[in-house]
Every structure is written in structure tokens, then in C-alpha cells.
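Shown next, in C-alpha cells, is the structure this report addresses.
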Amino acid sequence: MIATRGEKPLRLRYFQKYLEQHGENDNLPLLPNDLDFWIEVQRFKDGHHAYSDQVLLKKKVEVIVDCFLDSQASTPSVQIDIPSEIAAKLIRYGENYVRDRGKDPHNPSLFDEAQHGVFREMLPYWAGFLRQFDMKKLEREPSVSKNQKLTQERLKAFLAMEEPNTVFRLPSVNPQGKSGATIITFSISDGLQWKELDNASGDTRSNLATPAIGVGSRRGSILDSRRPNAGRISAVSSSDGSTSTGVRPRQPRASADTPKISITAAAL
């Protein structure tokens with residue numbers, strides 16, 4: 001029985017789509033709800049047996065009434081194709097079922113009148129559906145619901161998404177369109193300095209002066225000797241190409257007037 005299954009069979013799913021299409025054309029927008037109501041009532045009736053769960057059946061009655069006969073979330077409140085008088089009567093029957101009132105409150109046929117009414121509305125469409133659709137062909141083709149279709153589209157978009165770039169390129173030290181260059185200078189007295197050289201004026205502006213640890217100070221210079229009286233080895237080249245080497249005594253720290261020995265690296 002279709003009423004005992006949690007999911008509609010393939011034929012009923014296609015029939016509901018058929019009702020959605022033709023219900024709008026025939027000004028009967030509640031036809032798809034009629035099918036749902038018929039199935040839920042049939043499930044409710046099949047739930048009455050020797051081992052029925054009365055609490056579950058009462059909850060089922062409340063759900064049927066709230067969804068199809070007295071909906072608070074939709075307009076109109078009656079969401080199936082039955083007269084409002086029948087809907088009001090079924091609402092009273094539902095209250096008696098839930099509250100255990102009346103001579104036979106737990107009658108499984110309390111929704112039969114409405115179920116027969118929606119069945120008469122759907123019967124002509126069922127005949128047209130059987131003439132139009134080849135069920136053997138439909139059974140071979142898998143049915144895809146809206147949620148499954150949306151999931152497939154999201155998966156396709158995820159797989160087609162480009163991977164983020166893992167290589168980051170830093171901008172040029174000297175951006176194009178700007179004159180001058182950025183240079184890094186090193187001197188024994190001042191250490192490392194970052195300067196900008198303006199080609200137009202020939203001026204050099206210091207942006208950052210950071211003495212290097214162990215290089216810019218006399219205390220950590222690699223040229224210093226641990227012996228206080230140690231001299232330095234120097235090489236002097238003459239004009240005739242000869243080179244003489246000697247040891248000269250240690251000189252005092254260079255003052256501001258002492259010429260600087262600098263190494264310049266220009267990044268153009």
C-alpha cells in the first residue's frame with residue numbers, strides 16, 4: 001500500500017507534477033494538495049489495527065486538520081477542494097477524536113467524506129495522466145526531485161570552482177611611473193640604510209635607517225679585534241700596478257668628518 005510508505009512511488013510523483021501543471025491551467029491550484037490529503041488520510045486509516053498507537057494517531061489527526069482543513073499559515077484556511085461546511089464538520093470530528101468524546105470517537109473513517117470528494121476531483125486527471133505518460137519509460141528513467149537537482153547543481157559549481165592562487169607576488173620596490181630608485185646603503189659607521197634616489201634632482205632621501213646588529217656598532221663589528229692593541233691588515237695599490245701589504249695600528253672610531261666606506265645596491 002502506498003499509504004504505508006514514507007516516500008511517494010514514482011508514478012504518484014509524476015502524477016503530482018501533472019496535477020500542478022493542469023491545476024494552474026484549469027484554475028484549480030489546490031489539486032496537488034488533494035493528492036497529499038488523500039495519501040495522508042489513507043495512512044491514518046491503515047494505522048488502525050490491533051496494535052495501534054493511539055497517541056500517534058491523535059497526533060496524525062491534529063496534523064491533517066492543521067495542514068489541510070484549518071491552516072493558519074496559508075490562505076484560504078481550507079487547502080483542499082471541499083466545501084467549507086464539510087471542513088468545519090471534520091474539524092469537530094477531529095477534536096472529538098483527540099479529546100475522546102462521543103459514542104465512537106476513534107472512528108478511522110472520520111475523514112472519508114473529504115477523501116471521497118478529492119478523489120472525484122482527481123479522477124479525470126488520473127485518466128488523462130495514464131493516456132499521456134508511458135510508465136515503463138518513466139520507470140527506466142530516474143526521477144530527480146527539486147532538492148536533488150539543487151544539490152547536483154551546487155556540486156557541479158563546487159567542482160568547477162577555480163582553486164585559489166597559492167603564489168603571491170610582491171609589488172615592485174620602485175613602481176612604474178615614478179622617477180628615481182630605491183637603494184640600500186651600508187657603511188661601517190651607520191650600518192644599513194634604505195634611501196630613495198630622485199633621478200631628476202639627484203637628491204637622496206633617507207626613509208629608513210636601521211643599524212644592523214653586529215654591523216653598525218663598533219661593539220659588534222666583525223672588523224673589530226678582541227685584542228685591544230691589534231692592528232689591521234690593509235692592501236694599497238699603486239699607479240704602476242704593484243700592491244703592497246702592511247699592518248697598521250688600530251685607528252680610533254670614525255668621526256662625522258671621516259669619509260664613509262659604503263656599498264650601494266640599487267633596485268631599479
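The values are calculated or read from the model by the stated rules, or taken from the named source; none is laboratory data. What you are looking at is a predicted structure, and each value in this text was computed from that prediction instead of being measured. Here the Cβ positions follow ideal geometry from the backbone for every residue, glycine too, while neighbour counts run over all protein chains shown. Ligands, DNA and RNA are excluded from the accessible area calculation, which covers all protein heavy atoms including side chains. Shrake-Rupley method; radii C 1.70, N 1.55, O 1.52, S 1.80 Å.
When the residues of the range 122-139 are filtered to those that are open to solvent by 40 Å² or more (accessible area, probe 1.4 Å) and closer than 13 Å to Y14 by Cβ, the one that is modelled with the lowest pLDDT is E139. When the range 26-46 is filtered for residues that are within 21 Å of P9 (Cα to Cα) and free of Cβ contacts under 8 Å to residues at least 40 places away in the same chain, the ones remaining, listed by number, are P32, D36, I39, E40.
Here E85 fulfils each of the conditions (1) surrounded by fewer than 18 Cβ atoms within 10 Å (Cβ to Cβ); (2) of a type in the set (D, E); (3) under 28 Å from N147 (Cβ atoms) apart from (3). K89 falls short of the stated requirement of being free of Cβ contacts under 8 Å to residues at least 40 places away in the same chain and under 38 Å from the mean Cα position of the chain (by Cα). Would you confirm, using the coordinates I've provided, whether D70 is closer than 23 Å to L12 by Cα, out of contact with any Phe, Trp or Tyr (no Cβ under 7 Å at 6 or more places or on another chain) and not hydrophobic (A, V, I, L, M, F, W, C)? No.
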